[in-house]
Each structure stands twice: as C-alpha cells, then as structure tokens.
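Enquirer: Below is one structure. I have some questions about it.
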Amino acid sequence: MAEKILVTGGAGYIGSHTSVVLQEAGYEVLIIDNLSNARADVPHRIAGISGIQPAFIKADLCNEKDLDYCFDRHPDIAGVIHFAAYKSVGESSAFPLKYYHNNLAGTINLLKAMQQANCRNLVFSSSCTVYGQPDQLPVSEEAPLKEAFSPYGNTKRICEEIIRDQAGASSLQAIALRYFNPIGAHHSAQIGELPVGIPNNLVPYLTQTAAGKRESLKVFGRDYNTHDGTGIRDYIHVVDLAEAHLEAIRRLLEQKNKEAFEVFNLGTGTGYSVLDIINTFEKVSGVRVRHEFTDRRAGDIESVWADPSKANRYLGWKARLGLEEMLRSAWAWEQLLGS
Ligand code: UFG
C-alpha cells in the first residue's frame with residue numbers, strides 16, 4: 001500500500017510541485033493548507049498533472065483542533081513535509097509578530113500533533129537565509145549561522161532549532177532543507193508561483209515586466225563586488241527542489257538518516273547575477289525587459305551560492321535543470337497565469 005505523506009502548505013508554490021513529485025513516485029498525498037497564499041483550485045491542478053486527486057483539508061496549523069482533526073482522520077500518515085509558513089521578507093519586518101506567531105506556533109503545533117500520533121518523520125522547509133552573508137563561498141552546511149536579516153529569516157532559524165531539540169528529545173527524525181533561490185514552474189504550466197500584489201522577488205517581477213504588467217524592473221544596486229556589479233544568487237528550478245524533498249522523505253522512511261536531525265543545502269552550486277538573469281530571460285523568451293538601476297535594497301547581501309555536495313552525496317540528488325529551463329518555464333507560467 002502507498003505510504004501517506006502529509007504536505008502542509010501543499011497548495012503553495014513549492015508544496016504543490018512537491019505534491020506532484022510525491023504522487024508520481026507512488027506516495028499518497030494529503031495536503032493541508034489554509035489557502036492564505038494559494039488558490040483553492042491548486043489540488044485540482046495537481047490532479048490535472050498527476051492524474052490523482054490529492055486529499056485536501058483546509059486547515060490552519062495555528063489551530064490545534066484543525067491538526068487533531070487531520071491526524072484523527074488520517075492515523076496512517078507516514079511522514080510530513082512542512083512548508084506552511086509566511087514567507088515575505090519585507091512584510092515580516094513590518095509585521096514581526098504576525099510572522100513569529102504563524103511560523104513558530106504552526107511548527108510547534110505540528111510537532112505536538114505528530115508526537116501524539118506517533119508520526120516520526122519530518123522534512124522542514126528552511127532557507128539559506130540562515131547563513132546571512134557567508135564568509136566563504138560556496139556555502140556549505142558547516143558555515144556558521146549568522147544573525148537573521150529579517151524576522152522571516154529568524155523564524156526559519158528558530159524553527160530549525162525547535163525541530164532539532166525535539167528530535168534530540170523524542171523519536172522524531174527530521175531533515176531541514178535549506179533552499180537557495182527557487183524559481184521556475186512545472187513544465188505543464190499548470191502550477192507555479194502566485195505572487196500576491198507587487199512581487200518582491202526578482203523573477204516574478206521580471207516576468208510581469210516582460211508581460212507588460214509592470215513598467216520597468218528595478219535592478220537593486222550595480223556597485224557590488226561581482227563580475228557586473230549586480231547581486232549574485234544560486235537560482236534553482238522548483239521541480240529540482242521538489243525532487244529533493246522526495247529523496248529527503250524517502251531517506252527518513254527508509255531509516256537511512258545518520259542523525260536524528262540533518263540539514264542539507266539545496267542549490268545548483270552556480271551563482272548568477274541579476275543581469276545574467278535578465279540577459280538569459282531575453283534570450284529564451286525573445287522579449288526585452290525594460291530595466292533601470294537603482295540603489296541597493298536594504299538587507300540584501302552581495303553574493304551567495306551553495307555547496308550542494310552533501311545533498312548530492314547523501315540524498316542521491318542533483319539539480320538537473322539549468323537557468324534557461326528555469327526562465328523558460330517561469331515565462332510559460334506567467335503567460336498562462338489565470339487561465
Ligand atoms: N532584485 C532586483 N530587483 C527586484 C527584485 C530583486 O534587482 O525587483 C535582486 C536582489 O537585489 C537580489 C536578487 O535580485 O540580488 C534576488 O532577489 P530576490 O528578492 O528574488 O531573492 P532574495 O535572494 O532576496 O531572497 C530569497 C528568498 C527569501 C530568502 C532569501 C535567502 O526570496 O525567502 O532568498 O537568501 F530568505
């Protein structure tokens with residue numbers, strides 16, 4: 001019988017892609033999501049890709065009763081992949097309590113419910129933001145954690161610590177996956193990122209500019225110490241990221257993990273600048289992106305890219321899709337958005 005995986009935030013950007021990959025690998029998927037930042041038709045879209053309707057419960061992790069209901073109805077959950085969280089860096093600085101409450105209480109409630117239900121396998125959605133501006137590049141999991149630049153980043157770090165402590169004190173087995181910059185969309189263009197309002201992140205802003213929804217892309221800073229003066233990040237295709245989650249939950253279910261709490265970087269290992277992104281996008285789409293240079297954005301770091309060798313080795317996973325594919329899929333999604 002297929003093992004059942006609970007995906008919190010499974011209607012969101014990375015959660016929806018991971019749900020598809022899990023189903024395609026033969027797992028049964030149960031999504032819980034409060035739909036605060038996702039469209040209600042996402043489970044249906046997932047079914048449109050995989051041919052299998054995922055079970056869906058509209059539930060909020062901050063409400064313990066919702067979680068009890070979920071685990072009571074599904075006592076056979078073999079593992080949990082936990083995405084549900086607020087994720088806007090800027091908003092988190094304006095409303096820190098909203099972020100601390102949602103992201104921390106949600107994670108604590110989930111851990112309590114898992115303990116009660118004797119469910120011991122957890123994959124947690126973390127971020128390379130926990131490294132701040134690293135002293136050495138590429139950044140490995142050994143790099144010291146730095147003070148977070150935002151309440152959002154701090155919630156990722158604190159949640160990792162909460163999970164680590166719980167794994168040390170109970171039968172919980174957990175893996176935290178530290179993402180670099182996820183972009184792109186499923187090749188079907190049925191699921192992708194759905195920014196609410198004006199996008200904060202580079203690629204959604206860029207595709208909206210190319211589509212004529214925004215006048216001009218602002219390039220934040222051209223005086224960084226990089227090959228063209230613009231900031232460098234390690235962009236990773238969301239489908240590659242989803243596949244890493246499959247390998248991580250498998251590692252736990254097959255009890256191949258070496259420690260009760262493990263962390264892995266998920267990136268390609270290659271950094272690209274903002275201008276590299278614009279140029280590659282123009283090349284694959286044939287559309288020019290109007291852009292202008294402005295001051296650096298507060299809180300931005302200069303450069304970061306991953307050393308993904310630990311994930312390559314222990315998860316047997318490697319990012320396969322290159323920058324052109326990432327941007328081509330992001331553009332296809334933008335053009336189909338809303339249809
Ligand atoms: N950028 C622009 N113009 C824009 C938006 C971004 O020039 O309109 C630049 C940024 O300055 C940066 C790069 O594009 O150099 C990427 O910026 P994003 O906002 O897309 O991504 P960040 O690296 O700032 O943030 C991402 C995630 C966060 C996470 C962080 C970890 O969005 O959730 O990585 O480093 F915390």
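Enquirer: With Ile175, Ile232 as the choices, which residue is of a type in the set (Val, Ile, Thr) and away from the ligand (no atom under 14 Å from the Cβ)?
Expert: The match here is Ile175.
Enquirer: For region 138-147: of the residues being within 16 Å of the ligand (Cβ to nearest atom) and of a type in the set (Asp, Glu), which is surrounded by the most Cβ atoms within 10 Å (Cβ to Cβ)?
Expert: Per the stated criteria, the residue is Glu141.
Enquirer: Quick one: is Ala185 within 21 Å of Leu241 (Cα to Cα), more than 9 Å from the ligand (Cβ to nearest atom) and out of contact with any strand residue (DSSP E or B) (no Cβ under 8 Å at 6 or more places or on another chain)?
Expert: When the stated conditions are applied, Ala185 passes them.
Enquirer: Can you tell me which of (1) touching a Lys or Arg at 6+ places or on another chain (Cβ under 8 Å); (2) among the charged types (D, E, K, R); (3) over 30 Å from Ser216 (Cα atoms) is the one Arg251 doesn't meet?
Expert: Only one criterion is unmet by Arg251, namely (1).
Enquirer: Cβ-Cβ under 7 Å, sequence separation 6+ or interchain: first residue in region 180-208 and free of Cβ contacts under 8 Å to residues at least 24 places away in the same chain, partner within 10 Å of the ligand (Cβ to nearest atom) and part of a loop (DSSP other than H, G, I, E, B). Which pairs?
Expert: Every condition considered, the pairs that remain are Tyr205/Pro199; Tyr205/Arg214.
For every residue, the table says whether it meets (1) within 23 Å of the chain's Cα centre (by Cα); (2) under 21 Å from Asp307 (Cβ atoms); (3) in a loop (DSSP other than H, G, I, E, B); (4) of a type in the set (Phe, Trp, Tyr).
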residue	(1), (2), (3), (4)
Val196	yes, no, yes, no
Lys213	no, no, yes, no
Arg222	no, no, yes, no
Asn225	no, yes, yes, no
Ile236	yes, yes, no, no
Asp240	yes, yes, no, no
His245	yes, yes, no, no
Ile249	yes, no, no, no
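Enquirer: May I pose another question? Looking at Val263, Val203, which is the one that is assigned to a strand (DSSP E or B) and touching a strand residue (DSSP E or B) at 6+ places or on another chain (Cβ under 7 Å)?
Expert: After applying the criteria, what remains is Val263.
Enquirer: I'm told Arg120 meets every condition in (1) modelled with pLDDT under 95; (2) of a type in the set (D, E, K, R); (3) touching a Leu at 6+ places or on another chain (Cβ under 6 Å) except one. Can you identify the failing condition by its number?
Expert: (1)
Enquirer: Restricted to region 121-137, and to residues that are polar (S, T, N, Q) and part of a loop (DSSP other than H, G, I, E, B), which residue is nearest to the ligand (Cβ to nearest atom)?
Expert: Applying the filter and picking the extreme gives Gln133.
Enquirer: Still on this structure: Would you check if Asp165 is more than 14 Å from the ligand (Cβ to nearest atom) and under 23 Å from Gly221 (Cα atoms)?
Expert: When the stated conditions are applied, Asp165 does not pass them.
Enquirer: From the list Ala169, Ala174, which residue is among the aliphatic types (A, V, I, L, M), farther than 30 Å from Phe281 by Cβ and surrounded by 15 or more Cβ atoms within 10 Å (Cβ to Cβ)?
Expert: Ala174
Enquirer: A further question on this structure: Anything in region 306-325 that is open to solvent by 70 Å² or more (accessible area, probe 1.4 Å) and in a loop (DSSP other than H, G, I, E, B)? List them, or say none.
Expert: Lys318, Arg320
The values are calculated or read from the model by the stated rules, or taken from the named source; none is laboratory data. Only a predicted model underlies this, so the values are computations on that prediction, with no experimental measurement involved. Don't worry about glycine lacking a Cβ; one is built from the backbone with ideal geometry, like all the others, and counts go over all protein chains shown. Surface areas here come from the heavy atoms of the whole protein model, side chains and all, with no ligands, DNA or RNA. Shrake-Rupley method; radii C 1.70, N 1.55, O 1.52, S 1.80 Å.
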